[in-house]
1. With a cap of 10 neighbouring Cβ atoms within 10 Å, and only residues DSSP puts in a loop, list the GluC sites (Glu not before Pro) found in segment 32-94.
2. Given a Förster radius of 30 Å and the C-beta distance between ILE115 and GLU210 as r, what FRET efficiency does 1/(1 + (r/R0)^6) yield to the nearest 0.05?
3. Heavy atoms only, probe 1.4 Å: what % of the accessible area of segment 162-312 goes to carbon and sulfur, would you let me know?
4. Quick one: net charge around GLY195, please, counting Lys, Arg +1 and Asp, Glu -1 for every other residue with C-beta under 14 Å from its C-beta.
5. Give, as a single signed number, the net charge of other residues whose beta carbon lies under 14 Å from the beta carbon of GLU210, with Lys and Arg counted +1 and Asp and Glu -1.
6. Could you tell me which of the pairs LYS49/LYS137; LYS123/LYS249; LYS180/LYS249 are separated by over 23 angstrom between their Cα atoms in the structure shown?
7. Arranged from highest to lowest average of other beta-carbon atoms within 10 Å per residue, in what order do the peptides 125-134, 170-179, 148-157 appear?
8. If the chain between LYS180 and VAL310 were fully stretched, how many nm would it gain, using 0.36 nm times the residue separation less the Cα-Cα distance?
Amino acid sequence: MKKTGIRKRLVFPVLLIFCWFLLTAAGKPREKVILEADPVLSAEYTDDKFRYTMPNGAYFTMSCPLGGITDEAVEVMTGKDAWIVSFLEDGESCFPQQDYHSVSEALASVPDHVIRSASLEKKGSYLFHIRSTVTDKNGRETYDVYGGFRIVAANVPIGSSYIEAPYDYVVTEIRLNGKKLNTAGGERAELVRDGQYEMHFKPVRGSLPEWTSVFSRDTTAPALIFTPKLSGDPEEKPVSFKPTESDAKIRVLLNNTEVTLHNMTAAANGRYIVTVSDSAGNSNEYSFSVKVKEKTSALPYFVIVLIIVVLSLSIVAFEHRRMRII
């Protein structure tokens, strides 16, 4: 009976504590965790740099606008709570690869290898990944920004068919070989023909400066001129060729093995695949076979005839000696 009484007396305090815990838990705000890729960025121009701020306050700066085309070197730098995860130039990493012997070694080295800036000057197309993580009393916000830009040169054309305006910009004017083209503006423009382009961009917001990109477009692939002309059948004579563009690159495969030809002449028998390309990435590929007939030397036939003549003369002379006159 005593135990039952004690249990009854404990029921009310336990219920009271449980209700207090529920009320406390319900009133406590949940910790926020935000993971977002390509968030909306706030863009401004300050100290001759384009500054892009993420929703958590972290930022990065660039010497050209995000997504822009320039003929100068580009510097990318992150603020306190952001870092560069990767940087690619025409698909290849711009950063040296780190080799680790264990997972613990890799994790221990992360703080020492955080990359916060990169300076690029080679001509090419660049893509980067910048991450930011900010933790406060309300939770954690992580943002991943994927962007890029292109460094061009007057003598190195590109092969693109469309050009996107930089982030927070629109196209205002396009000139091709000095002649103004009709354009309705917008964030994307079609490159209608090959030639020298000058594109003008206007910021969507007033805090950014106007931007101009100058570049050339080339979508015409170089060709090869063959002597003699390819017939489609195995060639019975050596085949020579020359490119229509002096700076074209030529790659030759003979029976699936890369070779170097003397004076660009295919003389050995076999199956050839010849690829010619230019700096803009345009290319043409040709395939043909060479089966040169071996020339039969006349010397063996001359020797045989000579032997027959000598033998014939020998027989005649021998028989002449055996003849008797009656």
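The values are calculated or read from the model by the stated rules, or taken from the named source; none is laboratory data. Fair warning: this is a prediction, and the values are worked out from it, not measured in the lab. Reconstructed Cβ throughout: ideal geometry from the backbone, glycine too, with neighbour counts over all protein chains shown. Quick note on the areas: whole protein, heavy atoms, side chains included, nothing else; ligands and nucleic acids left out. Shrake-Rupley method; radii C 1.70, N 1.55, O 1.52, S 1.80 Å.
1. GLU72
2. 0.45
3. Answer for segment 162-312 is 53 percent, counting heavy atoms of protein chains only.
4. Net charge around GLY195: +1.
5. Net charge in that neighbourhood comes out at -1.
6. Correct reply: LYS49/LYS137; LYS180/LYS249.
7. Descending mean neighbour count gives 125-134, 148-157, 170-179.
8. 37.8 nm
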